[in-house]
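All remarks here apply to the structure that follows.
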Amino acid sequence: MGISAGMLSFMSVRGGDRQFFFVCSGALDEVVKAQKLSAAHEVVLSQTCWELCDQKRIRAKPLAGKGAVKVVGMRRLARREWKDAVVQLSSARGERHLKGTGEFLVL
């Protein structure tokens, strides 16, 4: 699995009974690259994603010259941290429109 983070731009075009979507982003390029670097049952993070992570929790091995890291382990969450994370994820599900932009965040 490859994971990245960043802004995403998209456009939809409708013609008759058909609709087409175009998506572009540096993050999209990074996630494709990270995905190609990962093998079955591995998680590879783009450098952008890694910089946003709580690096004290995640053990990762840099992939030399690739601008990505492979996750090799994680520190377990305390029970209270786990419950807080579940509450945050539950409240963030669905599609969110980012105010002042034409962009959407899908969680």
- Query: With all protein chains present, how much of the accessible area of the chain (probe radius 1.4 Å) comes from carbon and sulfur, to the nearest whole percent?
  - Reply: 59
- Heavy-atom accessible area per residue of segment 32-94, all protein chains kept, 1.4 Å probe, expressed in Å², is 77
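Say R0 is 30 Å: what FRET efficiency, to the nearest 0.05, do residue 64 and residue 14 get from their beta-carbon distance? Could you put the intermediate results ahead of the total?
Numbers: r = 46 Å, r/R0 = 1.52.
That gives a FRET efficiency of 0.05.
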- Query: Which angle from 0 to 90°, rounded to the nearest 10, does the C-alpha axis of helix 26-37 make with the longest principal axis of the chain?
  - Reply: 50
- What ranking, highest mean first, results for peptides 4-13, 45-54, 19-28 when packing means the other Cβ atoms within 10 Å averaged over each residue? 45-54, 4-13, 19-28
- Approximate spin-label separation residue 22-residue 82, in nm, with each point projected 7 Å along Cα-to-Cβ: 4.7
- Longest principal axis of the chain (C-alpha) makes with the long axis of helix 79-91 (C-alpha) an angle, in degrees to the nearest 10, of 0
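For the pairs 36/61; 33/61; 33/83, flag any whose C-alpha to C-alpha distance is greater than 26 Å.
Numbers: 36/61 16 Å; 33/61 16 Å; 33/83 33 Å.
Beyond 26 Å: 33/83.
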- Query: Which value in Å does the Kirkwood hydrodynamic radius of the chain take, with 1/r averaged over all unlike C-alpha pairs and then inverted?
  - Reply: 16.2
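Do you know the relative contact order of segment 1-55, to the nearest whole percent, from alpha carbon pairs under 8 angstrom that are 6+ apart? Before the final figure, lay out the partial values.
Numbers: 84 pairs, mean separation 25.5, N = 55.
Relative CO of segment 1-55 lands at 46 percent.
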- Query: Just from its helices, what would the mean residue ellipticity at 222 nm be for the chain, if runs of 4 or more DSSP H residues each count -39500 (n - 2.57) and the sum is divided by every residue, rounded to the nearest 500 deg cm²/dmol?
  - Reply: -8500 deg cm²/dmol
- Can you tell me the relative contact order of the chain? Whole percent, Cα pairs under 8 Å, sequence separation 6 or more. 21
- Would you grab the residues whose amide H sits under 5 Å from the one on residue 58? Only those 5+ places off in sequence or on another chain, please, with H modelled 1.01 Å from N. 75
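The values are calculated or read from the model by the stated rules, or taken from the named source; none is laboratory data. Since the structure is predicted, the reported quantities are computational estimates derived from the model, not experimental observations. Reconstructed Cβ throughout: ideal geometry from the backbone, glycine too, with neighbour counts over all protein chains shown. With ligands, DNA and RNA removed, areas are computed over all heavy atoms of the protein, side chains included. Shrake-Rupley method; radii C 1.70, N 1.55, O 1.52, S 1.80 Å.
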